[in-house]
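Enquirer: Sharing a structure with you now.
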Amino acid sequence: MNEQPAGRAIVTFSRGWQTLVAIRSLGQRGVEVITGDHYSMTPGSLSKYSQQSFKYPDPDIDPEGFIDAVEETVLKHKPEDDRPYVLMPIHKESYLIAKHRERFEPHISLALPQIDQIMRVHNKGTLAAYAKEAGLPMPATWIPETVDEFNAQLDQMEVPAFVKIRESSSGVGIKKVDTRKELEETFVHFVDRFELSPGDLPVIQACVPGEDYCVTTLFNRGKLEACMTYRNLRAYPAKRGPGAMRETVEAPAMEKVSGEVLGPLNWHGVAELDFRWDGKPDSDPHLIEVNPRFWGGLIQAVESGWDYPWLTFQLASSGKIDLDAERHLNVKTEIPILAFLATLNELSHSEAGEAALKDGWEKAKAEFQDGSKRAGLKALFKGLKSGLNPKARLAEAQRVLADHKHNVYDVLSKEDPGPAFGIFFPLAVFLKHGKVNMDLITGEGGPSLEDGDSEAS
């Protein structure tokens, strides 16, 4: 590390695996990193590159308290000299900071779009309307504003389709349906479960063939300065969940569309755009959604030569970036816990195997909640044994597990081992509650298990 710090950064959402990537990126370049979250002992706070950590109120519960706490920290740690000083929000708290940017901009630099720009593309309803208006390729999408409007359009909706709440992450509030009856039932269920009001009802999006691609971007006042794409090799839950294993690819068509989506909005800062494409040269990739913030697969970009945290730090502090010319396409990364679950899911692809795994899981959850932890673990391992059928699937298991051999993990690092203890946080939640929030596993959120969030099951 340099004797003279390259600058100082306040980084929020330190429990996220993507945040850990950002902390290491900045710290390795001599930036003093101060980390914050509304949980203590997060993976990011355990990194050797976290010089200090602070705790703020949950931004979902107490947004004003969150802004006050971050502002206080910004003022407290403001350098006395003119070295670069950057506020780098990582997750959904970015939207609050963008909304209250006037509280921060006199004291610290940031590279964030305006809040109205964020909401235009983050909300799946407004994004679909914007894409249609701009002539951008997107699956057929229906945006009912009332239940009556949904019922009137039901016969026109294509199935299979996805029912999606308008603001979601990590596969929460998204379900694939194969019949109009299932579509109707899921729509009503989501309205009740998430307590949705008219004007904020779920959107319905037709299924399109192909694979999932993620285009990562950095814009400077509407100019696309950096762009790379990766595709998900495995996901959990399969076909609808977040990526568990990824690889870098070339995707000029998707990257062109990404510029057409965010460039006209004068976007400033990072964003990740999800596409689905069937791989045919004469077919258009379909825009699925936009994440107007750092993304769960950030390590894929960094390991491939697109170091977005460092580039964002440069952009915020100087207004320009210096993109490293050395980039790689032969990179694979994965989320350890999620990849393990995806592998188990793949190895238990038979109906009998899946049933055995599910039965073991349900019995384990019941024991963890109301019985003994020992009995719960016994039920879990029994389900694994029956579901996987090790003897019959040894060769297949060896093939699948070989895929992990040379992958890069966003948590595990010999140079910075402390954050690995963050893996035990989801395990502790599971042992306590008998279930675990998917956002927690992916590093995309917290263990709010009593409010109707999805769980790994």
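Enquirer: At q = 0.11, 0.19, 0.20 Å⁻¹, what log₁₀ I(q)/I(0) does region 7-110 have when each alpha carbon counts as one equal point scatterer in the Debye sum?
Expert: For the requested q values the scattering log ratios are -0.28, -0.88, -0.98.
Enquirer: What order, most packed first, do the peptides 6-17, 90-101 have when packing is the mean number of other Cβ atoms within 10 Å of each residue? It would help to have the intermediate numbers written out before the result.
Expert: Values: 6-17: 25.7, 90-101: 21.2.
Sorting 6-17, 90-101 by mean packing, highest first, produces 6-17, 90-101.
Enquirer: Let me ask something additional. How large is ³J(HN,Hα) for each residue in region 154-161, as worked out from phi by the Karplus curve 6.51 cos²θ - 1.76 cosθ + 1.60 (θ = phi - 60°), to whole Hz, x for Gly and Pro?
Expert: The phi angles translate into 4, 5, 8, 6, 7, 10, x, 8 Hz.
Enquirer: Can you compute the radius of gyration and Dmax for region 140-206, using only the Cα atoms, both in Å?
Expert: Both quantities, over Cα of region 140-206: 10.5, 30 Å.
Enquirer: Same structure, new question: At a Cα cut-off below 27 Å, give the lysines reachable from Lys378, other chains included and same-chain residues fewer than 8 away excluded.
Expert: Lys358, Lys363, Lys365, Lys391, Lys432, Lys435
Enquirer: Mind putting a number on the dipole of region 7-110 about its Cα centre? Charges go on the C-beta only, +1 for Lys and Arg and -1 for Asp and Glu, and I need it in Debye to the nearest 20.
Expert: 500 debye
Enquirer: Packing-wise, with mean Cβ within 10 Å as the measure, how do 76-84, 173-181, 147-155, 124-132 rank, highest first?
Expert: My ranking of the peptides, most packed first, is 124-132, 173-181, 147-155, 76-84.
Enquirer: Run the simple label-point estimate for Leu329 and Ala206 please: 7 Å along Cα→C-beta, distance reported in nm.
Expert: For Leu329 paired with Ala206, the spin-label model returns 3.2 nm.
Enquirer: If one computes the Cα centroid of region 279-298 and of region 1-64, what distance in Å separates the two points?
Expert: Between the Cα centres of region 279-298 and region 1-64 lies a distance of 28 Å.
Enquirer: Which order results if Ser258, Ser413, Ser47, Ser40 are arranged by neighbouring Cβ count within 10 Å, fewest first?
Expert: Result, fewest neighbours first: Ser40, Ser413, Ser47, Ser258.
Enquirer: Whose amide H sits under 5 Å from the amide H of Lys332, counting only residues 5 or more places off or on another chain, with H placed in the peptide plane?
Expert: The list, which skips near neighbours in sequence, is Val408.
Enquirer: For Arg193, Arg231, what ranking results if the residue with the fewest other Cβ atoms within 10 Å of its Cβ goes first?
Expert: Numbers: Arg193 15, Arg231 18.
Placing the least packed residue first, the sequence is Arg193, Arg231.
Enquirer: For region 99-221, what ratio Rg/Rh do Cα atoms give with a Kirkwood hydrodynamic radius?
Expert: Numbers: Rg = 16.9 Å, Rh = 16.3 Å.
Here Rg/Rh amounts to 1.04.
Enquirer: Quick one: Cα centre-to-centre distance for region 105-155 and region 186-208, in angstrom?
Expert: 14 Å
Enquirer: Contour minus end-to-end for Thr146 and Asn266, with contour as 0.36 nm per residue of separation and end-to-end as the Cα-Cα distance? Working shown, then result.
Expert: Working: separation 120, 0.36 × 120 = 43.20 nm, distance 3.20 nm.
Roughly 40.0 nm would be gained on extension.
All of the numbers you see were taken from the coordinates with simple rules; none came from a lab. Remember, predicted model here, so these are calculated numbers, not experimental data. A quick note on method: Cβ atoms are made from the backbone with ideal geometry, for glycine too, and the neighbour counts reach across all protein chains shown.
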